[in-house]
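Student: Take a look at this one; I'll ask things after.
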Amino acid sequence: MMGRAFVRNVLIATLAGLAACAAFNYAIDPYQQYRIPTSYAPRFYAAFQRYENPGLARHYDFDRIVLGSSMAENIPGSLVDEAFKGGKTINLSLSAMTAYDARRVLEVALARGTVKQVIYAPDFNSFSKGVDHSGFPQAHPGFLYDNAVWNDYPYLLSIATLRKSAEIAMDLRINRFSTDRDKPWYWANAYAFGPRFAVAGIDPKQVGKNFRDFPRTLPGMQASFRANIEPLLRDNPKTEFVFVYLPFSILVWADFVQRGELETALAFKRWSFHELQKYPNARVHDFQARTEFQGLQHYKDIYHHSPAISSRVIWEMARGQERVTAENLEAGLAQLRATALAADPVRLVDEAK
């Protein structure tokens, strides 16, 4: 009898502890899944974007979305509102974002029925994995992207969540976070930009070896586009989708040449443009052939440009510049091909040091 009582008491204590943990995490809600916090300033944890973004998409007030990988994280919503002369923009970008990641968060946001415009900055890596793969090795927290609460137990009972909740309750600052709703994922203030920073650790004979780039095939990229992007366009005909190719440094294009993937990238641009022509709610702007945006002085590494470039892109896009049309598509691709083939990574790296 005493053994049974002991087991019973342990079970009761365990259940009580789990219930207390879940209640505490629900009340604090560090990833803003159930509400925008009012008792403390919202915290935006860059390392947990996939966990926070569905909550932001569900609860914040916006009618325009900026979405992309880390290259788009330095775009403040207020900048977009100013350039486009109105609206209320939220940045839901995600480091290492794949097309699958983009679809999942956009499905949450678009379900509200209030989103008028999506500014989506795709990059080639985002289409290079499978159609349902996230950019992170950890499992995608899909339970936070639906409307059910019963399956949120991995969030409510998580020790990691409990630590964040305790940190907030005690007003501690152990983990890195932002409290800026206008640019929640902004990182540019933590880095220096310029040629010597852009080429740090770069082997000019293998420019991209330090970057986690996945092998790309045109059929694989097309499959991801069809599975993740086109359904959003079909299902949301009243939402305008503005696709923008953000600039890369000249060394990225040299890397594409070295890896034999330049023509794959250009073919994907061509193919996806023609696919998007089927949808009256889509348009494309491409800033990657602009040589003035390819200079290493604008970059912290070969991929990530400064906020000054992001700002110029937004303002020019708002004015309709660099819009891709059937008439200028091939000329733009030819210019980019010529620039990439002419790039000398050995010279570029030597001059930058």
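The values are calculated or read from the model by the stated rules, or taken from the named source; none is laboratory data. What you see is a predicted model; the values in this text were computed from it and never measured. Note that each Cβ is placed from the backbone with ideal geometry, even for glycine, and that neighbours are counted across all protein chains shown.
Student: Could you check how many residues of region 2-61 are over 28 Å from the mean Cα position of the chain (by Cα) and under 18 Å from residue 177 (Cβ atoms)?
Tutor: 1
Student: Within region 315-331, can one find any residue that is under 21 Å from the mean Cα position of the chain (by Cα), more than 27 Å from residue 82 (Cβ to Cβ) and assigned to a loop (DSSP other than H, G, I, E, B)?
Tutor: Checked against the condition, which is being under 21 Å from the mean Cα position of the chain (by Cα), more than 27 Å from residue 82 (Cβ to Cβ) and assigned to a loop (DSSP other than H, G, I, E, B), region 315-331 yields no hits at all.
Student: If you don't mind, there's one more thing I want to ask. Determine the pairs where a residue that is farther than 24 Å from residue 190 by Cα, located within region 276-300, has a partner that is among the polar types (S, T, N, Q) and in a helix (DSSP H, G or I) with Cβ atoms under 9 Å apart, the partner being 6 or more residues away or on another chain.
Tutor: What qualifies is 284/272; 289/335; 289/339; 291/335; 291/339.
Student: Out of 93, 70, 78, which single residue is of a type outside the set (D, E, K, R) and crowded, with 20+ Cβ neighbours inside 10 Å?
Tutor: 93
Student: Mind listing just one residue for me: the one in region 202-231 that is over 16 Å from residue 102 (Cα atoms) and of a type in the set (Phe, Trp, Tyr) and, of those, modelled with the lowest pLDDT?
Tutor: 214
Student: Among the numbered criteria (1) of a type in the set (A, V, I, L, M, F, W, C); (2) closer than 30 Å to residue 313 by Cβ; (3) surrounded by fewer than 18 Cβ atoms within 10 Å (Cβ to Cβ); (4) touching a residue at least 24 places away in the same chain (Cβ under 8 Å), which single criterion is violated by residue 111?
Tutor: All conditions pass for residue 111, except number (4).
Student: Can you tell me which of 196, 163, 173, 234 is surrounded by fewer than 19 Cβ atoms within 10 Å (Cβ to Cβ), among the charged types (D, E, K, R), within 29 Å of residue 89 (Cα to Cα) and modelled with pLDDT of 95 or more?
Tutor: 234
Student: Any idea which of (1) surrounded by fewer than 15 Cβ atoms within 10 Å (Cβ to Cβ); (2) part of a loop (DSSP other than H, G, I, E, B) is the one residue 351 doesn't satisfy?
Tutor: Result: residue 351 passes all but (2).
Student: Given (1) farther than 20 Å from residue 170 by Cα; (2) at pLDDT 95 or above; (3) in contact with a Ser or Thr (Cβ under 8 Å, 6 or more places away or on another chain); (4) surrounded by fewer than 18 Cβ atoms within 10 Å (Cβ to Cβ), identify the lone condition not met by residue 85.
Tutor: Residue 85 satisfies every listed condition except (3).
Student: Of the conditions (1) buried (at least 17 other Cβ atoms within 10 Å of the Cβ); (2) modelled with pLDDT of 95 or more, residue 277 fails just one. Which one is it?
Tutor: Evaluating residue 277 over (1) buried (at least 17 other Cβ atoms within 10 Å of the Cβ); (2) modelled with pLDDT of 95 or more leaves (1) as the failure.
Student: Still on this structure, please answer the following. Being in contact with a Gly (Cβ under 9 Å, 6 or more places away or on another chain) and crowded, with 19+ Cβ neighbours inside 10 Å is the filter here; which residues of region 126-141 pass it?
Tutor: Listed by number, the residues that qualify are 126, 127, 128, 129.
Student: OK, next. Select from region 157-197 the residues that are within 30 Å of residue 17 (Cα to Cα) and not in a loop (DSSP other than H, G, I, E, B) and list them in ascending order.
Tutor: 159, 160, 161, 162, 163, 164, 165, 166, 167, 168, 169
Student: Considering only region 289-311, state which residues are surrounded by 18 or more Cβ atoms within 10 Å (Cβ to Cβ) and among the hydrophobic types (A, V, I, L, M, F, W, C).
Tutor: 289, 293, 296, 302, 309
Student: Then there is this: Is it the case that region 4-13 has a residue that's out of contact with any Asp or Glu (no Cβ under 9 Å at 6 or more places or on another chain), of a type in the set (Phe, Trp, Tyr) and closer than 30 Å to residue 240 by Cβ?
Tutor: No, there is no match, as no residue in region 4-13 is out of contact with any Asp or Glu (no Cβ under 9 Å at 6 or more places or on another chain), of a type in the set (Phe, Trp, Tyr) and closer than 30 Å to residue 240 by Cβ.
Student: Any residue at all in region 118-139 that is over 23 Å from the mean Cα position of the chain (by Cα) and not charged (D, E, K, R)?
Tutor: no
Every residue, every condition in (1) out of contact with any Leu (no Cβ under 8 Å at 6 or more places or on another chain); (2) on the phi > 0 side of the Ramachandran plot, yes or no:
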{"site": "50", "(1), (2)": "no, no"}
{"site": "53", "(1), (2)": "no, no"}
{"site": "58", "(1), (2)": "yes, no"}
{"site": "63", "(1), (2)": "yes, no"}
{"site": "73", "(1), (2)": "yes, no"}
{"site": "77", "(1), (2)": "yes, no"}
{"site": "81", "(1), (2)": "yes, no"}
{"site": "87", "(1), (2)": "yes, yes"}
